[in-house]
Amino acid sequence: MPSNDRLPRVWVRPVEPEEYPGFEERRLKPVTRADLDQQFHTVALRGFSYDRSPAEPPHKFRVVNLKETLDLYTVEYDFGRVVWPMWPFLFAENWREVIDELFARRLYLFDIWAYCPSGVFERFEWSEYRVPDEVHQYILRKMGPRFLGYDNGEQDGRYIGGYAKSVCPAPATRPQGFQAFCQYFRQLGDDLQNYLTALNSLTFSHYFAHLGNHRLLGAECAQALPSVPMWYAFIRGAGRQYGILWFGNASVWNRWGAKSLADPSAEDTNAPGFFSGPTAGTSLSLLRRLWYVLTMYGSVIMGYEAGQLASGTVERTVNGVTKQVPDLTDIGREHMRGAQWCADHPDRGVQHTPVALLWDFYAGWAPPRHLYTGDTYLVWGNMPYEKGDHQIDLLLRELYPDYPDAGFFHNERGFLTATPCGDSFDVILSNAPRQVLDRYACIVALGETPIEGELLEKLSWCLQRGAHVVACANQLSPEAAALFGVTVGDQGEAYHAVIPDHPWPINEPRFTFHRLTCQPDAEVLAHTRQGSPLVVRRQHEGGGFTLLFAADFFLSERLLSPDKIANEVDEPLASPFATLEHAKGILLPYLRSFNLVTVDGPPVQFLVNVSSRTDRLLVTLCNNSPQPWEGTVRPKRAGLTSARTWMTGEEIPGKESIRVLVPPLDVVVVELLLDAPAFEARR
Amino acid sequence: MRISRRQFLSAGGALLGAAALGVRIGEAQEGDDSMSPAINPEYLTGSAEDWPLNELASIGYRGLEVSPQAIADLAAWKPAADHARLRILCVNALPELRPYLTGSLSDAVERRRRDTLRRLLATLERMRQEGIPLLVVAPSRLAENYQTPDEARALLVAGLRELASVGDTTILLEGAPFRMFSSSEALAGIVDEVACPNVAAALNVGHALLNGSNPAEAAKALGPRLRYLQAHDADLRPGVPRLDRHLPLGTGMAQKEDVRSALGELPFAVTVTAPADPLAAARDALEWLS
């Protein structure tokens with residue numbers, strides 16, 4: 001456990017891309033906060049109108065009503081400064097006029113979307129197109145850094161679903177899986193001037209960042225896409241590892257249809273060619289929760305995909321001019337409310353993510369099931385999970401219960417989850433440099449990740465700096481074993497564990513472990529009945545601990561054969577393995593201990609944001625249950641001088657802790673001011 | 001040794017059997033001109049270099065199946081192959097035919113389709129210079145959103161005709177999993193529609209299994225169009241994702257009698273992937289097939 005004797009040292013600086021080594025040399029610079037005028041932004045609109053269908057030969061068309069459209073979305077309703085259009089305007093006869101107008105209004109041009117591999121260009125829909133040099137150069141000259149990139153839009157999912165399995169033969173090694181993945185994205189990057197924004201659809205954000213041709217990372221959440229707290233552990237981790245800012249967005253789509261509140265009294269219908277209507281698509285409550293959660297995650301841009309304006313009109317006066325404009329829908333109102341809330345609370349700090357989940361760069365890990373394939377348990381889309389991949393999955397199931405169900409349940413289970421150990425993890429890959437690893441108080445090595453060579457050297461350095469490192473014996477080289485205070489011997493089998501300070505021995509499914517011989521300074525936290533160590537802790541001079549599990553990946557042996565695992569909508573996905581009980585009993589409290597607050601009550605999603613002000617914590621409580629949540633929040637190392645909810649501005653009484661009520665399917669952000677520092681700020 | 005198209009298509013233009021191109025399995029002899037059994041060393045080792053060619057020859061292999069990239073890099077490995085008396089039986093162009101990643105014969109994006117053809121034509125020219133008789137190609141997946149199967153098929157047929165028109169090399173169309181036209185019946189129809197004497201079919205045992213076909217039945221459906229066989233295994237156990245993993249023979253669902261029936265007297269290559277222990281897999285493959 002982290003020491004209670006001294007304050008935790010907490011990284012409070014936000015990602016500043018220009019501070020990352022090599023920034024000046026990068027051919028494509030990531031978006032900086034200066035590019036964004038040091039402000040948080042929201043998305044205004046997603047497309048333009050044309051005088052005729054661009055698909056109509058001879059494909060001569062013009063953008064029309066440009067000023068009126070921009071006025072509606074950025075003046076009459078101030079949805080934001082970010083314009084997120086579909087690509088055909090790049091080929092309109094008046095494309096320069098569009099760029100000039102965006103520039104004149106100091107808007108941002110963001111994530112030009114709807115590139116689709118092999119889609120016929122002349123259809124001007126989901127098409128493969130190449131951005132003409134003339135257009136690209138003009139955009140760059142005119143917009144400068146306010147052009148945020150072309151859309152690498154959910155292409156990781158498209159690759160996995162449509163192309164990975166056609167790689168013949170399927171990769172034999174993970175680096176080959178990475179190479180095939182890169183072949184796809186090299187094509188895409190070349191078509192789009194290698195000037196991209198990653199709208200992820202799976203967990204490959206690190207690889208996009210690694211390619212060096214992306215300016216921002218983010219996702220359009222909900223749809224039938226992954227669980228958000230799990231997913232943003234990847235996106236945030238990639239952003240922090242590579243020095244790239246991230247954004248959030250929430251979609252009105254789900255697996256079955258799209259929400260439309262244009263006419264709130266309308267019936268849901270299949271008339272548009274898909275299921276649509278007031279009760280179709282993403283629920284309003286999930287849209288609302290996503291706004292605040294993604295914002296508190298540190299997104300630099302936030303928006304809703306669509307549906308802000310109604311079919312009915314209202315009279316509205318702006319700048320002394322009165323006119324009829326479309327009314328706001330509930331989505332539009334939620335957007336305006338969220339944007340105003342962000343403007344009213346600009347000092348949201350930095351999400352406290354003290355624990356890095358680290359695995360091998362080439363892992364290519366993806367959730368065990370997702371939208372893009374009926375297959376389960378694959379990495380890189382064309383290689384079966386190994387046992388270490390199951391370890392990642394099963395630990396994530398402990399940290400984000402039900403996360404594999406996102407996109408599979410009508411009741412939206414899994415999109416946002418409770419976080420029993422706090423929403424406090426980033427995913428980092430093994431190639432991360434020291435200065436990135438140095439942000440984390442604890443590094444948990446997972447998966448098929450040999451701890452040797454450069455990685456061992458980096459982890460040793462982190463230990464000297466006071467970090468904690470967690471691993472399993474089957475990941476260790478002999479040199480790494482010495483660091484963890486053990487010698488790793490031959491394998492044994494067991495089906496129980498004894499934790500000395502627990503009242504009862506623990507029954508386990510059968511598991512394989514390595515016999516460990518401990519150095520004198522290593523402490524055995526769990527063992528077999530015969531005395532073979534199962535968990536070993538060792539303190540290091542820097543103040544941190546190593547924590548080692550003898551069981552392979554702290555998992556059971558295989559419990560289920562593949563034919564027993566069904567992947568069905570509205571059904572959970574079984575795992576063929578199980579996390580061992582003694583590992584849960586020791587590891588989960590250990591991970592929880594790195595949080596700056598204690599949250600007691602029914603399961604809830606919570607995250608903590610920090611800033612350089614060490615006597616101030618922001619706690620976001622997201623209740624993803626249809627029942628009201630009532631519980632307490634207590635800072636671990638200080639008392640309270642005041643507490644105030646940012647949702648209403650009301651004070652919440654309490655000296656040691658506060659009692660908080662979060663309405664069903666809603667979110668509350670609380671600002672805690674403390675009577676003493678809760679942490680030491682690392683800069 | 002060089003084999004011309006005429007030689008290859010001799011004996012009435014029907015099968016070129018082991019007597020001409022290869023020898024019976026396990027009976028390779030010093031000094032003969034056979035190219036079969038062949039093996040794909042790139043697939044076997046999972047690597048484009050450091051192939052154990054001498055060891056493969058000593059196991060009994062007489063020929064190689066390689067990728068277009070390997071043909072472009074002949075200088076790097078051909079002397080070693082010559083020393084091991086391994087000759088190149090076939091160029092397997094599937095690495096050049098990964099839809100969107102590298103290319104496709106029916107790509108709806110014309111510039112990429114032309115680029116694919118250009119690269120394959122360059123490979124054919126090198127093959128002609130080296131006297132390599134066989135080129136394996138495969139259909140693609142349907143281009144996204146707006147291409148019909150008929151449009152894709154027309155482009156594939158046109159592409160095959162273009163490749164066939166430039167020399168003696170035999171172009172072999174093979175059904176690949178997760179793509180269009182993967183059944184033997186569909187392939188036979190396309191080969192017949194192309195109607196070029198040097199366009200025929202290949203059968204890949206593992207691919208046939210993944211496509212839901214029995215290899216013996218698939219070979220029968222291809223009939224005299226079938227000129228070449230590739231052998232690896234596939235895992236079709238319930239609940240296991242269908243993946244084109246090129247498993248060692250005997251570790252999946254392939255049945256010896258079906259593969260032997262499909263093989264007949266055809267020249268063939270072992271297309272197993274086993275980077276952990278390639279020589280054992282290569283040896284086991286020949287034993288399994290014999």
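The values are calculated or read from the model by the stated rules, or taken from the named source; none is laboratory data. Computed from a predicted structure; not experimentally measured. Counting neighbours? That spans all protein chains shown, and the Cβs are built from the backbone with ideal geometry, glycine included.
Structural remarks
A quick yes/no check of all residues on (1) crowded, with 23+ Cβ neighbours inside 10 Å; (2) under 28 Å from A:Gly177 (Cα atoms); (3) touching a residue at least 40 places away in the same chain (Cβ under 8 Å):
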| residue | (1), (2), (3) |
| --- | --- |
| B:Ala202 | yes, yes, yes |
| B:Ala218 | yes, no, yes |
| B:Gly223 | no, no, no |
| B:Thr251 | no, yes, no |
| B:Ala281 | yes, yes, yes |
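- A count restricted to region A:448-478 and to residues that are touching a residue at least 12 places away in the same chain (Cβ under 8 Å) and of a type in the set (D, E, K, R) stands at 4.
- Among the residues of region A:387-412, those that are over 17 Å from the mean Cα position of the chain (by Cα) and either in the same structural domain as A:Leu618 (by TED's automatic domain parsing) or on the phi < 0 side of the Ramachandran plot (or both) comprise A:Lys387, A:Gly388, A:Asp389, A:His390, A:Gln391, A:Leu394, A:Phe408, A:Phe409, A:His410, A:Asn411.
- 1 or more residues surrounded by fewer than 17 Cβ atoms within 10 Å (Cβ to Cβ) and small (Gly, Ala, Ser): qualifying helices (runs of 4 or more DSSP H) within region A:426-532: A:453-464, A:478-483
- Selection within region A:113-137: residues that are assigned to a loop (DSSP other than H, G, I, E, B) and away from chain B (no Cβ under 13 Å). The member of this set that is surrounded by the most Cβ atoms within 10 Å (Cβ to Cβ) is A:Val131.
- Within the option set A:Asp563, A:Asp570, being of a type in the set (Asp, Glu) and part of a loop (DSSP other than H, G, I, E, B) holds for one residue only, A:Asp570.
- Matching residues in region A:368-421 - criterion: being closer than 26 Å to A:Phe511 by Cβ, part of a loop (DSSP other than H, G, I, E, B) and within 14 Å of chain B (Cβ to nearest Cβ): A:Pro368, A:Arg369, A:Thr376, A:Tyr377, A:Tyr385, A:Glu386
- Filtered by the rule that a residue be more than 25 Å from A:Asn411 (Cα to Cα) and touching a Gly at 6+ places or on another chain (Cβ under 8 Å), region A:554-576 gives A:Ser561, A:Pro562, A:Asp563.
- Checking B:Tyr61, B:Tyr43, B:Tyr100 one by one, the residue that is within 14 Å of another protein chain (Cβ to nearest Cβ), of a type in the set (Phe, Trp, Tyr) and not in a helix (DSSP H, G or I) is B:Tyr100 and no other.
- Within region A:560-577, no residue that is at positive phi sits with its Cβ atom under 9 Å from a residue that is modelled with pLDDT under 95 and of a type outside the set (Ser, Thr, Tyr) at 6+ positions apart or across chains.
- A:Ser205 in contact with an Asp or Glu (Cβ under 7 Å, 6 or more places away or on another chain) and among the polar types (S, T, N, Q): no
- Of the helices (runs of 4 or more DSSP H) entirely within region B:115-232, those holding at least 2 residues that are within 14 Å of another protein chain (Cβ to nearest Cβ) occupy B:149-164, B:205-210.
- Some residue of region A:582-592 being more than 14 Å from chain B (Cβ to nearest Cβ) and assigned to a loop (DSSP other than H, G, I, E, B): no
- Taking region A:634-646 as the range and being under 26 Å from the mean Cα position of the chain (by Cα), without any contact (Cβ under 8 Å) to a residue 60 or more places away in the chain and either surrounded by fewer than 13 Cβ atoms within 10 Å (Cβ to Cβ) or under 24 Å from A:Gly338 (Cα atoms) (or both) as the test, only A:Thr645 passes.
- Among the residues of region B:241-273, the ones that are under 30 Å from A:Asn567 (Cα atoms) and small (Gly, Ala, Ser) come to 3 in all.
- Selection of region A:308-329 for residues being of a type in the set (Asp, Glu) and more than 12 Å from A:Asp263 (Cβ to Cβ) yields only A:Glu315.
- Residue within region A:435-442 that is at pLDDT 95 or above and in contact with a Gly (Cβ under 6 Å, 6 or more places away or on another chain) present: no
- Looking at region A:602-644, the strands (runs of 3 or more DSSP E) lying wholly inside it that each contain 3 or more residues that are in contact with a Phe, Trp or Tyr (Cβ under 7 Å, 6 or more places away or on another chain) sit at A:616-623.
Per-residue answers, yes or no, for (1) more than 9 Å from every other protein chain (Cβ to nearest Cβ); (2) not in a helix (DSSP H, G or I):
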position	(1), (2)
A:Arg106	yes, yes
A:Ile139	yes, no
A:Met143	yes, no
A:Ile160	yes, no
A:Lys165	no, no
A:Tyr184	no, no
A:His206	yes, no
A:His210	yes, no
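- Restricting region A:591-613 to residues that are small (Gly, Ala, Ser) and closer than 24 Å to A:Ile443 by Cα, the residue that is surrounded by the most Cβ atoms within 10 Å (Cβ to Cβ): A:Ser593
- A search for C-beta distances below 7 Å between a residue of region A:133-154 that is among the aromatic types (Phe, Trp, Tyr) and any residue that is part of a loop (DSSP other than H, G, I, E, B), counting only pairs 6+ apart in sequence or on different chains, returns A:Tyr150/A:Val131; A:Tyr150/A:Leu192; A:Tyr150/A:Gln193; A:Tyr150/A:Tyr195.
- Some residue of region A:22-32 being outside any helix (DSSP H, G or I), within 22 Å of A:Tyr138 (Cα to Cα), of a type in the set (Ser, Thr, Tyr) and at pLDDT 95 or above: yes
- Residues in region A:212-244 that are in a loop (DSSP other than H, G, I, E, B), in contact with a helix residue (DSSP H, G or I) (Cβ under 6 Å, 6 or more places away or on another chain) and of a type in the set (A, V, I, L, M): A:Ile244 alone.
- Put simply, of A:Thr313, A:Thr317, A:Thr269 the only residue that is in contact with a Pro (Cβ under 8 Å, 6 or more places away or on another chain) and not basic (Lys, Arg) is A:Thr313.
- Test: residue in region A:170-179 that is assigned to a helix (DSSP H, G or I), in contact with a Leu (Cβ under 8 Å, 6 or more places away or on another chain), at pLDDT 95 or above and surrounded by 22 or more Cβ atoms within 10 Å (Cβ to Cβ): no
- Scanning region B:260-284 for residues that are among the charged types (D, E, K, R) and more than 13 Å from every other protein chain (Cβ to nearest Cβ) yields B:Arg260, B:Glu265, B:Arg283, B:Asp284.
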